[in-house]
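Below: the structure, in structure tokens.
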Amino acid sequence: MSEILSSEVVIVGGGVIGAATAYFLCKEGAEVMVIEADDLASGASGACDGFVSLQTKMPGVHLAMALESARLFPSLAEDLEVNIEYNPCGGLMLATSQEQMKELRARAKALKSGGLEVEMLSPAELKEYLPEVGKGIKGGSFCPQDAQVNPISLTLGLAQKAQEMGATILRGCQVENIVVTNNRVREVHTTAGNIHSRRVVCAAGIGSNQIGKMIIVDVPVLPQRGQILVTEQRDPILKCLVSGAEYLGTKANIPELLPTDEEAAKLGLGFTAEQTASGNVLLGSTREFVGFDSNTTPEAMNAIARNAMRFLPWVEDLDVIRSFAGLRPCSPDGLPILGTVKGVKGFYLATGHSGDGVCLAPITGKLLSELVLDGETSLDIEPFSLYRFK
Ligand SMILES: Cc1cc2nc3c(=O)[nH]c(=O)nc-3n(C[C@H](O)[C@H](O)[C@H](O)COP(=O)(O)OP(=O)(O)OC[C@H]3O[C@@H](n4cnc5c(N)ncnc54)[C@H](O)[C@@H]3O)c2cc1C
């Protein structure tokens with residue numbers, strides 16, 4: 001890159017959040033450049049499940065944001081040229097004890113008052129969705145608004161559409177520094193040269209803390225590893241998303257729903273299962289703080305497989321063909337970090353989406369576009385401000 005580049009907006013990171021932000025900015029006619037150190041969807045967005053899960057959100061602003069995001073998926077599925085495999089299949093959360101059922105019932109009540117449809121199901125009623133479950137399953141909650149997408153296709157589809165609308169995407173290009181003078185972002189230094197820009201969006205996932213350091217701001221995002229098993233392809237065997245209540249316990253740190261088994265607690269084990277459009281079943285997952293290590297481990301693979309058979313015994317008949325691990329960009333409270341930074345005009349945060357980035361990508365992209373171009377947002381993002389941690 002010999003010439004000096006410039007762009008109205010530079011987005012750091014080509015994961016689902018950066019791609020969604022580029023898409024919505026381009027829709028408004030902005031000039032956008034996405035800088036990606038590796039390749040699109042090479043981070044968490046390419047190593048995750050595709051749950052657009054609403055019943056796993058905390059009642060209040062978290063759920064409200066997820067509901068807004070969920071409403072955007074059908075039109076994205078229409079608008080993007082890549083098939084994002086959007087499937088409004090609904091989601092089941094299974095309980096293995098009466099205590100868990102009690103907690104799920106209380107949550108269902110709270111979620112309903114936030115506008116979500118959730119119903120409690122007895123073991124007999126579960127059969128409509130899952131003909132065969134483990135003997136220890138005491139029932140569960142079903143949310144018909146839960147849905148599924150292919151997260152890689154979603155990321156690539158958003159980026160491709162943004163590119164068609166004029167965005168430039170630089171792959172294999174790392175942001176090394178951000179120059180701020182007179183309290184305003186001026187320039188982005190990259191491995192491919194310098195880019196003049198007065199607006200920079202940090203959508204760098206687990207790289208966000210490093211990006212923050214460039215402007216002397218602490219962005220509290222830590223990598224949290226999640227491991228997943230992938231089975232052989234089968235004709236449709238799962239009608240909907242399925243998870244266990246302990247998954248929610250580890251995700252949202254709900255004491256009543258945390259795993260009691262010592263190994264499961266150590267791994268942050270929680271059961272998830274979804275069947276992709278191509279027929280593979282993805283079985284998850286773990287929540288581990290092990291730094292930037294994205295390797296899979298035999299302990300987790302064994303634990304995930306054993307746990308899956310507790311919920312769906314027929315999983316034993318499926319061959320596992322591979323495994324992968326991704327690093328969630330985890331914020332201290334599990335909620336995204338969105339908004340501006342004090343004292344640095346033109347710098348915006350779109351990070352920390354933890355285990356919800358796929359689900360929250362559309363609304364994040366829309367809100368960031370509004371914030372960058374108009375200085376205000378259609379939904380109050382104050383609860384997601386960086387300064388809630390101070
Ligand atoms: C096992 C697992 C299961 C999950 N399941 C779900 C689910 O079912 N539903 C859901 O909603 N969410 C899920 N998630 C969470 C979801 O994957 C993340 O929240 C989401 O992908 C985060 O997207 P992102 O764009 O912020 O980060 P990323 O996808 O990690 O993208 C950040 C990008 O920034 C780039 N970058 C970093 N630093 C720099 C730099 N200095 N210069 C240039 N580029 C840089 C990286 O290379 C990377 O590509 C899951 C995560 C895991 C690990």
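Overview of results
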{"quantity": "Within segment 73-112, backbone nitrogen closer than 15 Å to the virtual label 7 Å beyond the Cα of Leu379 toward Cβ", "calculated": "73-76"}
{"quantity": "Unit charges at the beta carbon, dipole of the chain: most positive-side option, Ser378, Ser243, Met93", "calculated": "Ser378"}
{"quantity": "Segment 118-206 - percent of accessible surface contributed by carbon and sulfur, probe 1.4 Å", "calculated": "47 percent"}
{"quantity": "Filter on Lys135/Lys266; Lys112/Lys345; Lys57/Lys266 - keep pairs with C-alpha separation over 32 Å", "calculated": "Lys112/Lys345"}
{"quantity": "Within segment 45-136, chymotrypsin sites (Phe, Trp or Tyr not before Pro) in DSSP loop having at most 11 other beta-carbon neighbours inside 10 Å", "calculated": "none"}
{"quantity": "Size of electric dipole in the chain: Cβ of Lys, Arg +1 and of Asp, Glu -1, about Cα centre, debye, nearest 20", "calculated": "900 debye"}
{"quantity": "Whole-Å semi-axes of the ellipsoid equivalent to the chain (Cα gyration tensor, √5λ, descending)", "calculated": "36, 20, 20"}
{"quantity": "Simple spin-label estimate for Asp38 and Ile321 in nanometres, 7 Å along Cα-Cβ", "calculated": "2.2 nm"}
{"quantity": "Sparse-neighbourhood loop sites, GluC sites (Glu not before Pro) in segment 235-297 - DSSP loop, at most 11 other Cβ within 10 angstrom", "calculated": "none"}
{"quantity": "Calculated FRET value between Asp235 and Glu117, using beta carbons and R₀ = 25 Å, to 0.05", "calculated": "0.30"}
{"quantity": "Average silhouette area of segment 1-157, convex hull of alpha-carbon atoms, in square nanometres", "calculated": "11.6 nm²"}
{"quantity": "Rg and Dmax [Cα atoms of segment 257-390; Å; Rg one decimal, Dmax integer]", "calculated": "18.8, 58"}
{"quantity": "Inter-probe distance in nm under a simple model that places probes 7 Å from Cα toward Cβ, at Ala106 and Glu256", "calculated": "0.3 nm"}
{"quantity": "Separation in nanometres of the label points that stand 7 Å from Cα toward Cβ, at Val290 and Thr181", "calculated": "4.6 nm"}
{"quantity": "DSSP beta bridge pairing in the chain, given as percent antiparallel to the nearest 5", "calculated": "70 percent"}
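The values are calculated or read from the model by the stated rules, or taken from the named source; none is laboratory data. None of the values given here were measured: they were computed from a predicted structure. Glycine also receives a Cβ, built like all others from the backbone with ideal geometry; neighbour counts cover every protein chain displayed. Ligands, DNA and RNA are stripped out before the accessible areas are found, and what is left, the full protein with its side chains, is counted by its heavy atoms. Shrake-Rupley method; radii C 1.70, N 1.55, O 1.52, S 1.80 Å.
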